[in-house]
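Engineer: Pasting a structure here, questions to come.
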Amino acid sequence: MSIRVKLGESEYPLNIYPEDEERIRKAAKIVQDRLEETKARMKNKTMEDWLAMVAFDSINLKLMQEQQGMQQEREILDKLNVIDRMLESKG
């Protein structure tokens, strides 16, 4: 399936699977929304600067979420180990 998404001031044709359309359109909307927020924060810059900051902020957010997920996973594993030791001591 072929769609067009707007990123910045340009539209891009994409060949995608139909089941990916909703996610891809949502991603494009998020980029556009973040671009507008960035333009409002950083006046007198170029589209290239704004898109670079959107990309940087997006990757930074993704890395933060991954780090939080890993921390939560460690906490869950620690709790499971405590439960496992408690069960072993009762058996």
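The values are calculated or read from the model by the stated rules, or taken from the named source; none is laboratory data. Remember, predicted model here, so these are calculated numbers, not experimental data. Ideal geometry is used to build each Cβ from the backbone, glycine not excepted, and the neighbour counts take in all protein chains shown.
Engineer: Are any of the residues in the stretch 15-29 aliphatic (A, V, I, L, M) and exposed (fewer than 10 other Cβ atoms within 10 Å of the Cβ)? Give the derivation first.
Structural biologist: First, the residues of the stretch 15-29 that are aliphatic (A, V, I, L, M): 16, 24, 27-28.
Next, from what is left, pick out any that are exposed (fewer than 10 other Cβ atoms within 10 Å of the Cβ): none.
Within the stretch 15-29, none of the residues are aliphatic (A, V, I, L, M) and exposed (fewer than 10 other Cβ atoms within 10 Å of the Cβ).
Engineer: Go through the stretch 1-20 and give me each residue that's over 17 Å from the mean Cα position of the chain (by Cα) and in a helix (DSSP H, G or I).
Structural biologist: Residues satisfying the conditions are 18, 19.
Engineer: Also, I was wondering about something else. If we scan the stretch 72-85, do we find a residue that is part of a helix (DSSP H, G or I), touching a strand residue (DSSP E or B) at 6+ places or on another chain (Cβ under 8 Å) and either of a type outside the set (S, T, N, Q) or modelled with pLDDT of 95 or more (or both)?
Structural biologist: Filtering the stretch 72-85 down to residues part of a helix (DSSP H, G or I) leaves 72-85.
Within this subset, residues satisfying the condition of being touching a strand residue (DSSP E or B) at 6+ places or on another chain (Cβ under 8 Å) are none.
Scanning the stretch 72-85 turns up no residue that is part of a helix (DSSP H, G or I), touching a strand residue (DSSP E or B) at 6+ places or on another chain (Cβ under 8 Å) and either of a type outside the set (S, T, N, Q) or modelled with pLDDT of 95 or more (or both).
Engineer: Of the conditions (1) at positive phi; (2) in contact with a Pro (Cβ under 9 Å, 6 or more places away or on another chain); (3) not charged (D, E, K, R), residue 2 satisfies every one except a single condition; which number is it?
Structural biologist: All conditions pass for residue 2, except number (1).
Engineer: What are the pairs, 6+ residues apart or on separate chains, where a residue within the stretch 30-56 that is without any contact (Cβ under 8 Å) to a residue 60 or more places away in the chain has its Cβ under 7 Å from a residue that is surrounded by 14 or more Cβ atoms within 10 Å (Cβ to Cβ) and among the aromatic types (Phe, Trp, Tyr)?
Structural biologist: If the second residue must be surrounded by 14 or more Cβ atoms within 10 Å (Cβ to Cβ) and among the aromatic types (Phe, Trp, Tyr), the pairs left are 35/50; 38/50; 39/50; 42/50.
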